[in-house]
1. Inside segment 147-191, can you point out the residues that are small (G, A, S) and under 21 Å from R67 (Cβ atoms)?
2. From the list F28, F43, which one is at pLDDT below 95 and loosely packed, with under 14 Cβ neighbours inside 10 Å?
3. Taking into account only those residues within segment 50-85 that are within 14 Å of I10 (Cβ to Cβ) and touching a Leu at 6+ places or on another chain (Cβ under 6 Å), which is surrounded by the fewest Cβ atoms within 10 Å (Cβ to Cβ)?
4. Would it be correct to say that K53 is touching an Asp or Glu at 6+ places or on another chain (Cβ under 8 Å) and not in a strand (DSSP E or B)?
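The values are calculated or read from the model by the stated rules, or taken from the named source; none is laboratory data. Here the structure is a predicted model, which is why all the values come from computation and not from measurement. Cβ sites come from the backbone with ideal geometry, for glycine too, and all protein chains shown count toward neighbours.
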Amino acid sequence: MKFQKTETPIQDLYIVEPKVFQDERGFFFESYNKKEFEKIGLFYNFIQDNHSKSSKGVLRGLHFQTRNVQAKLVRVIKGSIYDVAVDLRADSPSYGKYFGTILTEENKRMMLIPKGFAHGFLTLSDVAELIYKVDDLYNKEADSGIIWNDPDLAIDWPFKEYGIIEPILSEKDSKQAFFATIKKSLKFSED
């Protein structure tokens, strides 16, 4: 197998590790192969790649779309991040729970985030670049989010471990809603 899929504590949220061929010259690996993903039970039709660059301490998220809901395949190509996904699927046993993991250019791990999740990350290295695939287009009118420090989610961001005193936030991310405020009205639609 060219990819290994590892379950997380949240149903349908996976860590995917590619088979890496490495020697004194460098390395090679397939970062995505639709047919090989299907062999390990991951059926997605990714239609767009996004590339993000952030400085140490930048926290982006927690973002999601209520329409044109997106699954994401997140991979770091430079540096390291703490990547977080929050289950917003009302019928899920892990509704309102999060899972976080460190993705780095060295470990080459990817997080496969299905539809119905909020996503965010904290940059741990001086600079981090990540590429992520999505299976639907961005819809500005359906763009939404949850505040990064929501007390109900209680995400354990690793600030202290990486010498980060305060996260660096966009204006938008500093004003996101609280989970308790949006969860009663939160609905996802495909169109």
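1. Within segment 147-191, the first condition is being small (G, A, S), and the residues that meet it are 154, 163, 170, 174, 177, 180, 185, 189.
Across segment 147-191, the qualifying residues are A177, S185, S189.
2. On the way: F43 fails: at pLDDT below 95.
When all the criteria are applied, what remains is F28.
3. D83
4. On the way: touching an Asp or Glu at 6+ places or on another chain (Cβ under 8 Å): yes; not in a strand (DSSP E or B): no.
It is false that K53 is touching an Asp or Glu at 6+ places or on another chain (Cβ under 8 Å) and not in a strand (DSSP E or B).
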